[in-house]
Amino acid sequence: MSFASAEHVVEHLFRHEAGRLHALLLRWLGVAHFAVAEDLVQDTLVEALTAWRLHGVPDNPAGWLYRVAQRKTLDWLRREQRRGRIGQELRAAEQRVAEAAPHYLPEELTDSELRTLFVCCHPALSPAAQVALCLKTLGGLSVAEIAAAFLTSPDTITKRLFRSKETLRTAGVSLEVPTGAELTRRLAAVLHALYLLFSEGYDSEQPAAPIRQELCAEALRLALLLTRQPRTDCPDTHALLALFCLQAARLPARTDAQGQLVLLEQQDRRRWSQPLIARGVRHLARAADAPAASAYHLQAGIALEHCRAPTYAATDWLAIRRLYDHLLALHPSSVVALHRAVAVARADGPARGLQAMAQAQALTGSYLYHAVLGDLHQLNGDPAAARHHLTEALQRTTGAARQQLLRRKLEGVGFPG
Amino acid sequence: MDKFMLLYHNAAVTEEAYWDLSPEAMQAELAKWNTWIGGLAAQGRLVSAEALQPRGKVLRRRGELGTDGPFTEGKEVVGGFLLLQAADLDEAIRLAQGCPAFDNNGAVEVRPLVKFD
């Protein structure tokens with residue numbers, strides 16, 4: 001033990017250990033005791049804090065926490081037993097905990113986290129609740145941090161989490177990773193939740209905010225976890241990972257020194273992470289076994305085209321437009337149609353892009369719809385229409401970074417911003 | 001150099017406040033304490049520091065059990081102690097003033113040790 005080692009405590013140690021411990025405790029106690037597991041984890045972390053602040057950090061902090069959590073779980077089980085409150089399902093738990101290895105077993109940990117991931121993404125929960133629960137349980141994020149990430153109030157998140165735990169408890173959710181056709185369905189839900197989690201961090205008003213980047217990192221970590229178990233190590237998982245890597249590779253160039261958003265067109269491509277791009281390409285290769293391309297395959301393909309282009313002008317827009325054609329056929333949605341329209345404008349000319357916007361009309365209330373229309377009209381040589389839509393867009397967003405961007409564009413079309 | 005003992009009195013509310021901290025905030029709190037004590041060690045002032053568990057028994061007359069533990073005695077518990085060496089009480093107090101316990105409304109008692117030589 002030493003105080004010097006305090007500075008060497010792994011970054012986010014408490015946060016990461018909270019997630020691992022919760023997963024292990026769920027394994028010991030079952031999903032019905034989700035909230036008890038949460039309290040025991042918190043209790044363990046408080047004990048660590050009170051001991052370590054005076055005594056220094058032990059050489060193996062993770063092992064220390066594991067042992068304390070094990071002891072606290074046993075204490076709780078025995079207390080419940082004495083009070084005669086122990087249910088049938090907990091009778092075996094005491095033995096299970098008492099006989100558990102005295103330290104982390106890597107395979108057991110991976111397995112527990114994986115099972116917990118499937119619990120958190122259970123179809124009985126709404127997608128928003130799934131994402132929040134993943135962050136709280138596996139990511140070790142606080143209610144306040146999750147609220148900040150979702151740009152909502154802590155109260156909303158508290159309620160969402162509480163309802164989720166109630167649902168898990170009453171629905172009799174199992175900790176088993178499903179098999180067969182059920183696995184396909186449940187894995188799709190897990191992948192979708194991770195996709196939302198990543199997008200929440202990526203498509204952000206404040207991309208430089210550390211908490212937002214944590215969301216991307218957590219989505220990436222959990223997706224990697226899926227590749228460690230043969231049943232979930234499948235082409236769609238790798239396609240999603242490829243998408244995460246290829247998108248994350250461009251994060252360093254998305255903000256300038258002042259924290260302002262930088263659009264793809266103006267990004268300094270030398271700042272893109274080549275190792276992440278290479279990794280994305282490897283995952284995409286492993287995703288190729290799929291019977292059919294999923295939306296993740298197509299989006300990763302689009303991201304790859306951007307990463308491959310030496311400049312914005314030299315981008316293979318035709319390839320991107322074709323990928324968007326497939327994506328729109330697979331998932332007809334206004335959001336996809338909107339992004340496709342940009343690719344159409346670049347590949348086939350702005351007039352065709354403006355026509356393609358007809359398929360995105362459901363989004364007329366959104367700032368993005370008008371921002372894209374503004375750009376397309378500008379490309380089409382119609383500054384008056386461009387001004388009109390950029391002004392509309394400006395009125396529809398409250399984000400400072402986006403407003404700044406729109407004002408710069410308005411100045412570009414000769415509007416006294 | 002004389003020796004001094006610093007006794008931390010945690011208000012019960014501090015323990016409760018810890019309960020509400022997020023994992024990240026806990027780590028930040030830990031870093032504050034370790035930085036302070038690490039600083040004392042670097043100046044050659046630290047002799048030892050120990051944390052006390054929030055349980056145990058209080059014995060009264062003839063060793064009979066008085067109470068169930070420190071919590072029932074009052075609002076404050078001794079959460080730990082630290083032994084340091086300083087030139088005099090003034091310096092010991094100065095060193096104690098950097099203690100992060102004050103951020104959570106905790107109290108620190110500074111007591112000179114009796115010298116026998």
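The values are calculated or read from the model by the stated rules, or taken from the named source; none is laboratory data. These numbers come from a predicted model, not from an experiment. Quick reminder, even Gly has a Cβ in these numbers, built from the backbone with ideal geometry, and neighbours come from all protein chains shown.
Summed over region A:335-346, the residues that are over 18 Å from residue A:377 (Cβ atoms) and buried (at least 17 other Cβ atoms within 10 Å of the Cβ) give a count of 1.
Only one entry in A:94, A:89 is free of Cβ contacts under 8 Å to residues at least 60 places away in the same chain and either over 21 Å from residue A:118 (Cβ atoms) or among the basic types (Lys, Arg) (or both), namely A:94. Can you run down the residue pairs with Cβ atoms below 7 Å, 6 or more apart or on separate chains, where the first is in region A:32-45 and free of Cβ contacts under 8 Å to residues at least 40 places away in the same chain and the partner is β-branched (Val, Ile, Thr) and assigned to a helix (DSSP H, G or I)? The qualifying pairs are A:40/A:73; A:44/A:68.
Would you mind stating whether residue A:279 is in contact (Cβ under 8 Å) with a residue 24 or more places away in the chain, part of a helix (DSSP H, G or I), surrounded by fewer than 21 Cβ atoms within 10 Å (Cβ to Cβ) and among the basic types (Lys, Arg)? It is true that residue A:279 is in contact (Cβ under 8 Å) with a residue 24 or more places away in the chain, part of a helix (DSSP H, G or I), surrounded by fewer than 21 Cβ atoms within 10 Å (Cβ to Cβ) and among the basic types (Lys, Arg). The condition of being assigned to a helix (DSSP H, G or I), out of contact with any strand residue (DSSP E or B) (no Cβ under 7 Å at 6 or more places or on another chain), among the polar types (S, T, N, Q) and away from every other protein chain (no Cβ under 14 Å) holds for only one of A:167, A:152, A:158, that being A:167. Before we move on, is residue B:41 part of a helix (DSSP H, G or I), within 14 Å of chain A (Cβ to nearest Cβ), over 17 Å from the mean Cα position of the chain (by Cα) and modelled with pLDDT of 90 or more? Here the answer is no, as residue B:41 does not meet what is asked.
Residues that are β-branched (Val, Ile, Thr) and not in a helix (DSSP H, G or I) within region B:87-117 comprise B:108, B:110, B:114, listed in sequence order. Say whether the condition of being touching a Ser or Thr at 6+ places or on another chain (Cβ under 8 Å), outside the structural domain of residue A:390 (by TED's automatic domain parsing) and not in a helix (DSSP H, G or I) is met by at least one residue in region A:311-323. No, there is no match, as no residue in region A:311-323 is touching a Ser or Thr at 6+ places or on another chain (Cβ under 8 Å), outside the structural domain of residue A:390 (by TED's automatic domain parsing) and not in a helix (DSSP H, G or I). The listed residues are A:172, A:140, and the only one of them that is in contact with a helix residue (DSSP H, G or I) (Cβ under 8 Å, 6 or more places away or on another chain), at pLDDT below 95 and either within 14 Å of chain B (Cβ to nearest Cβ) or closer than 19 Å to residue A:199 by Cβ (or both) turns out to be A:140. The residue of region B:72-102 that is modelled with the lowest pLDDT, among those that are within 14 Å of chain A (Cβ to nearest Cβ) and farther than 15 Å from residue B:37 by Cβ, is B:77. The residues on offer are A:62, A:93, A:69, A:132, and the sole one that is crowded, with 19+ Cβ neighbours inside 10 Å and either within 25 Å of residue B:34 (Cβ to Cβ) or of a type in the set (S, T, N, Q) (or both) is A:69. Residues in region A:20-43 that are in contact with an Asp or Glu (Cβ under 8 Å, 6 or more places away or on another chain) and surrounded by fewer than 24 Cβ atoms within 10 Å (Cβ to Cβ) were compared, and the one that is nearest to the other protein chains (Cβ to nearest Cβ) is A:20. Restricting attention to region A:71-88 and to residues that are in a helix (DSSP H, G or I) and more than 24 Å from residue A:103 (Cα to Cα), the residue that is farthest from the chain's Cα centre (by Cα) turns out to be A:82. Just a yes or no: is a residue in region B:49-63 exposed (fewer than 15 other Cβ atoms within 10 Å of the Cβ) and modelled with pLDDT of 85 or more? There is at least one residue in region B:49-63 that is exposed (fewer than 15 other Cβ atoms within 10 Å of the Cβ) and modelled with pLDDT of 85 or more. Within region A:47-59, being closer than 21 Å to residue A:102 by Cα and either of a type in the set (D, E, K, R) or surrounded by fewer than 19 Cβ atoms within 10 Å (Cβ to Cβ) (or both) holds for A:47, A:58, A:59. Number of residues in region A:146-198 that are small (Gly, Ala, Ser) and closer than 26 Å to residue A:108 by Cα: the value is 9. Within region A:233-276, the set of residues being over 20 Å from residue A:310 (Cα atoms), surrounded by 19 or more Cβ atoms within 10 Å (Cβ to Cβ) and among the polar types (S, T, N, Q) comprises just one member, A:237.
Conditions tested, residue by residue: (1) at pLDDT 95 or above; (2) over 22 Å from the mean Cα position of the chain (by Cα); (3) within 26 Å of residue A:185 (Cα to Cα).
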| residue | (1), (2), (3) |
| --- | --- |
| A:292 | no, yes, yes |
| A:296 | yes, no, yes |
| A:306 | yes, no, no |
| A:324 | yes, yes, yes |
| A:350 | yes, yes, no |
| A:357 | yes, yes, no |
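The condition of being closer than 23 Å to residue B:79 by Cβ and away from chain B (no Cβ under 14 Å) holds for only one of A:71, A:83, A:67, that being A:67. Taking region A:240-265 as the range and being part of a loop (DSSP other than H, G, I, E, B) and polar (S, T, N, Q) as the test, the residues that pass are A:258, A:260.
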